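What follows is one structure encoded as structure tokens, with my remarks underneath.
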Amino acid sequence: MRVLLVHPSALMYSEIFLRLEPLGLERIATAALADGHDVRLIDLQVYGRADFEREVAGFRPEAVGFSLNYLANVPEVVNLAKWVKTVLPGCTVFAGGHSVSFVAEEVLDHAGGAIDAVLKGEGETGAPALLAAIPDKAMAEVPGAVTADGPGRPPVMLHSLDDHLPARHLGGRRRKYFIGVMDPAASVEFTRGCPWDCSFCSAWTFYGRSYRRLSPQAAVEDLTRVAEPGVFIVDDVAFIKAEEGHEIARELERRRIRKEYYLETRCDVLLRNEEVFRRWRRLGLTYMFLGLEALDEEGLRQFRKRTTPKVNNKALEVARDMGLMVAINIIADPDWDEARFAFVREWAMSVPEIVNITVQTPYPGTETWLTESRKLTTLDYRLFDVQHAVLPTRLPLHRFYEELVKTQAVLARKHLGVAALAETTGIVARQLLRGQTNFVKMIWKFNKVYNADRQHSEHQRDAEYLLSPPQEAAAVPAAPRDRQDLYVHAPARRRG
């Protein structure tokens, strides 16, 4: 069967700071290739709508699968699906991914028949099974599939992450992928899932609080296929178990593989497993993302981070001692006033780290979707991107965005524009000699992408598709009605 896999275009944050390869779609492609399908992949982060239309016209796929990991991409994918059905009425169109797994029935309704099935859960198991079921018109029987007939059986979790290493050769324009100064950069996955249960996050609800890993041999085998000098490790929390990190490191040392690495982890994990991070520093670990989320005890409790400001500050000291370039995330509550924004700006200017600000956003699949008692001010999918306020703001909305952008501009003053060029002259020169311009273009784009007028005006756009509002929030925010309702992959029964 001729199969075209499609990743939608970039969201607001990716207009500046990063553009990552569609790793999940590449793994699904490998699974489909293993079943004998003729597979192509197009990433609309690096290709345009005209390229997509030419691909459909020339390849004439019998099935088109859209990745929907981000809620804000729902309108784009629904409209692309409708277009595919007009030019190829007999083509089977399906969608899958993280976010759509929580709103499958709604997306089918928006599509009005243009999407034949939504796959909930992991795509490496669901997509091949769905493709196999198409000739017999048995898609409703596929585990994880939601069709016009309703949801069927629960999705099946992939048996081994060693299976289906990404088909990186299918995408094209790989030089367009980068993260910060690491340009170009590939992505790899060592583990999947998260055992923590932060209230604002849906990683644990998607994977049922499971945690799995690739074998060290498979992880290193995947790295040997990466041509790019930079590698972003996409794990939700890197090196939760120190020995697993050491095992991969030993294999890399044995095979003398050296890259430049960027990873995400938790402050408490960094402190607990400091030695494995130091070992990776010697292997090329250069950049680290730490999700502090809040600066005080109350904020950390609200987000159920299960850490403390003391632990977070100690982790920053350790990362500095290692010589790592660290990025920090802080979640801005729409209830912040000018004084709170000013406090965060002052703190951000007092630390050497890159400080990133996102906006608190209840997403379907998160616990806050059930417990947040403030009524959503918009149901426009496009605004659910952690860059817009979808909850009531204490300040007038435009004023909130003015304060938000002013605070985000701390990053611009410290690490973009002239400051970035002064600190990275040698890196930029080497990138330009290789023809890499992603980072260079990024450092001048902040004011164009982030401005209060733009963000405020985006609330005034007509919305073609709207989220269904959450059911009535629980009376006590700390106690959701039933956490089991959140899970896509049901948690394995815990042993005593």
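What follows draws every value from the coordinates through simple rules; no lab data is involved. Computed from a predicted model, the values in this text were never measured in an experiment. Counting neighbours? That spans all protein chains shown, and the Cβs are built from the backbone with ideal geometry, glycine included.
Assorted remarks:
- Relative contact order for region 171-239: 40 percent, from Cα pairs under 8 Å spaced at least 6 residues apart, divided by residue count.
- Paired Rg and Dmax values of the chain, which use every Cα atom, in angstrom: 22.1, 63
- The antiparallel fraction among DSSP beta bridges confined to the chain stands at about 20%.
- In this simple spin-label approximation, Arg256 and Glu105 carry label points 7 Å from Cα along the Cα→Cβ vector, and these lie 6.0 nm apart.
- Pair Thr377, Arg282: separation of 7 Å Cα→Cβ label points (nm): 5.2
- Ratio Rg/Rh, restricted to region 1-130 and using Cα atoms, in which Rh is the Kirkwood radius: 0.93
- Region 2-151: relative contact order in percent, alpha carbon pairs under 8 Å with at least 6 residues between: 22
- Full-stretch length increase - Ala242, Val351 - with 0.36 nm per residue and alpha-carbon distance subtracted: 36.5 nm
- Taking packing as the residue-averaged number of other Cβ atoms within 10 angstrom, the listed peptides 454-464, 333-343 run from highest to lowest as 333-343, 454-464.
- In sequence order, region 146-157 has phi-based couplings of 10, 10, 4, 7, x, x, x, 6, x, x, 9, 7 Hz under the Karplus curve 6.51 cos²θ - 1.76 cosθ + 1.60, θ = phi - 60°, and Gly or Pro positions carry x.
- Debye intensity ratio in log₁₀ form over the Cα atoms of region 177-457, taken at each q of 0.09, 0.12, 0.13 Å⁻¹: -0.46, -0.84, -0.99
- Model label zone, Lys82; criterion: amide N under 19 Å from point 7 Å along Cα-to-beta-carbon; scope region 95-128: 95-96, 104-118
- Under 5 Å from the amide H of Ala332 lie the amide H atoms of Thr358, Val359, Gln360, each residue being 5 or more positions distant or on a separate chain, with H modelled from the backbone and absent for Pro and chain starts.
- Cross-link partners of Lys137 among aspartates and glutamates (Cα-Cα below 15 Å; sequence separation of 8 or more within a chain): Glu62, Asp116, Asp149
- Whole-number percent relative contact order across region 168-299, with pairs defined as alpha carbons under 8 Å at least 6 apart: 21
- Looking at region 2-151, the DSSP beta bridges with both ends there are about 20 percent antiparallel.
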